[in-house]
Every structure is written in structure tokens, then in C-alpha cells.
Amino acid sequence: MKILITAGPTREPLDPVRYLTNRSSGKMGYALAHAAAHDGHQVLLISGPTDLDVPDGVDFIPVETAAEMFEAVQDSLSRMDAAIFAAAVADYRPATAAEQKIKKSGETLTLELVRNPDILGSCRSHFGFTGTLVGFAAETEHLAAHARTKLEKKGCDLVVANDVSQPGIGFDSDRNAVLLVFPDRIESLPEDDKHQLAHRIIQEIEKIPRD
Ligand code: C5P
């Protein structure tokens, strides 16, 4: 299969020296890219800034902002059989990025933020993508219920849900534990190394019937 994978955080600039971001390390997305390439798939990794090396044999498009990630996905999606959205995309960005460094002035500073496009949420509705669609859900409570809502709203074939409130797994960790939420069933993958989990997730994606 040709598989697109998004990974890492996004960076939303405030001015030339500052940005808003999140704690995503990109490890889960890169592990998925590695596992998929190892299984013989042709992989395109679209990633925000991380410290990780791009796995061998994987095509790579580096991006910074959610808007850049949106464009890169839009440009490549029609060629793909499957798409896995593991990036932690910023939901909001500063309404304007100042051209010059913002100087200290008052005691408080109010930032105005505007919504970023929902890349995964645009796949079925805007891009007309008919391939296998996989989302991720990072939740702190009601894991299965939130993941199921996401699955239905965004038209996914699978949502991989992880509980980011549990210490030692998930964000910025080498380990994770996930729930695989399919339209008709839920499977729990217990805590493991992200590379082992990535192999299991790719195997499950390979089993999803395609048109
Ligand atoms: O709705 P929520 O942001 O929690 O959904 C998470 C899923 O949606 C992840 O798969 C993430 O990569 C994707 N996403 C996206 N574009 C956004 C926000 C989230 O592709 N702007």
C-alpha cells in the first residue's frame, strides 16, 4: 500500500522568535512509518519538528504549522491507499504572527487565537478520500466513548486511542498502551514499546478491507 502518515507537533508562530506548540515527540508516528516501511509499504511521512531520524526508505515532507501540514496532506492524499493521522496538530493558532518581535509592555498580554483546519476531519468531507482512514485520539477521560465519537464524526475506519493522563506512557514516552476502536469492535493493546505497538497497528490496518 501507499501510506501517508502525519506525525509530531505543529508550531504556530507568534512572532519571529516565538511559537505555540505541544509536548508531542513524534515517536508514535515515526514508529508507525518505520513499521509500515519494514512491512513493504511505500510510506510518506509528513511531520512537524522533532528530534527523530526519518526511517530508511521513507519519503519525507517536513512542515511547521498546521496550515503547512494541511497543504502537504491535500497535495498527496489522492495517491494514497491509507492515511494515518498521528500528529498532534494545534487546534488554534495566533490570529496574527507579528512581523517584528513583540516587546514587553503592560502587566498582562492577551493573545487572540483562531481555529486551525481539522486535517483528518477534512479527508472524507473535503478531499473526497476513499482509502483506509486512521485517526489518533489523546484523551484524559472517557477514552472509548470519545474515540467512538471521533471515529463516526471523521469517517475513520479505526481510531487509536491513548490515555494521556497515565504517567510513563503516551506523550514523549517510548511506551504506550492503546485502545483500537473500530466501527464494530474494540481491542485493547496493553502497555508496550511504541515500536511493538506500531507493528500491531500496521497489521490491523492491513486487515481492513479496501474498496
Ligand atoms: O479531534 P482531535 O483533535 O482530538 O482529533 C485527533 C485526531 O485528529 C488525530 O488523529 C490528529 O492527528 C487529527 N487532527 C488533525 N488536524 C487537526 C487536529 C487533529 O488531523 N487540526
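Summary of computed values
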{"quantity": "Rg over Rh [alpha-carbon atoms, Kirkwood Rh] for the range 128-211", "calculated": "0.96"}
{"quantity": "C-alpha long axis of helix 194-207 to longest principal axis of the chain, angle in °", "calculated": "60"}
{"quantity": "Ellipticity estimate at 222 nm from DSSP helix runs (n ≥ 4, -39,500 (n - 2.57)) divided over the chain, nearest 500", "calculated": "-8000 deg cm²/dmol"}
{"quantity": "Residues with amide H under 5 Å from that of Ile46, placed H, sequence gap 5 or more", "calculated": "Ile5, Thr6, Ala7, Ile61"}
{"quantity": "Neighbour count of at most 12 Cβ within 10 Å plus DSSP loop: longest GluC sites (Glu not before Pro)-free window in the chain", "calculated": "1-98"}
{"quantity": "Per-residue HN-Hα couplings for the range 179-193 [Karplus 6.51, -1.76, 1.60; θ = phi - 60°; Hz; x = Gly/Pro]", "calculated": "9, 9, 9, 9, x, 10, 6, 10, 10, 9, 9, x, 3, 7, 4"}
{"quantity": "Candidate lysines - alpha carbon under 29 Å from Lys27, same-chain residues fewer than 8 apart omitted", "calculated": "Lys2, Lys150, Lys153, Lys154, Lys194, Lys207"}
{"quantity": "Charged-residue dipole, Cβ positions (Lys, Arg, Asp, Glu), the range 1-53 about Cα centre, Debye nearest 20", "calculated": "100"}
{"quantity": "Pairwise centroid distance, computed over Cα atoms, of the range 97-117 with the range 144-177, Å", "calculated": "31"}
{"quantity": "Gyration tensor (Cα) of the range 1-98, equivalent ellipsoid semi-axes in angstrom", "calculated": "25, 14, 9"}
{"quantity": "Extension gain, His126 back to Glu206 (0.36 nm per residue minus Cα-Cα distance, nm)", "calculated": "26.3 nm"}
{"quantity": "Between helix 66-76 and the chain: long-axis angle, C-alpha atoms, 0 to 90°, nearest 10", "calculated": "40"}
{"quantity": "Accessible surface of the range 1-54 [probe 1.4 Å, protein heavy atoms]: carbon and sulfur percent", "calculated": "47"}
{"quantity": "The chain: relative contact order in percent, alpha carbon pairs under 8 Å with at least 6 residues between", "calculated": "20"}
{"quantity": "Solvent exposure of the chain as accessible area per residue, Å², 1.4 Å probe", "calculated": "53"}
{"quantity": "Dipole in debye (nearest 20) - the range 32-92, about Cα centre, beta carbon charges: Lys, Arg +1; Asp, Glu -1", "calculated": "160"}
{"quantity": "At 0.890 mPa s and 25 °C, Stokes diffusion of the range 56-211 via Kirkwood alpha-carbon radius, µm² per second", "calculated": "140"}
{"quantity": "Beta bridge orientation in the chain: antiparallel %, DSSP, nearest 5", "calculated": "40"}
{"quantity": "Carbon and sulfur %, accessible surface of the range 152-198 computed with the full protein complex present, 1.4 Å", "calculated": "45"}
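The values are calculated or read from the model by the stated rules, or taken from the named source; none is laboratory data. Everything numeric in this text was worked out from a predicted model, so none of it was measured. For neighbour counting, all protein chains shown are included, and Cβ atoms are generated from backbone atoms with ideal geometry for every residue, glycine included. Each accessible area value is taken on the protein alone, full model and side chains, heavy atoms only, with ligands, DNA and RNA left out. Shrake-Rupley method; radii C 1.70, N 1.55, O 1.52, S 1.80 Å.
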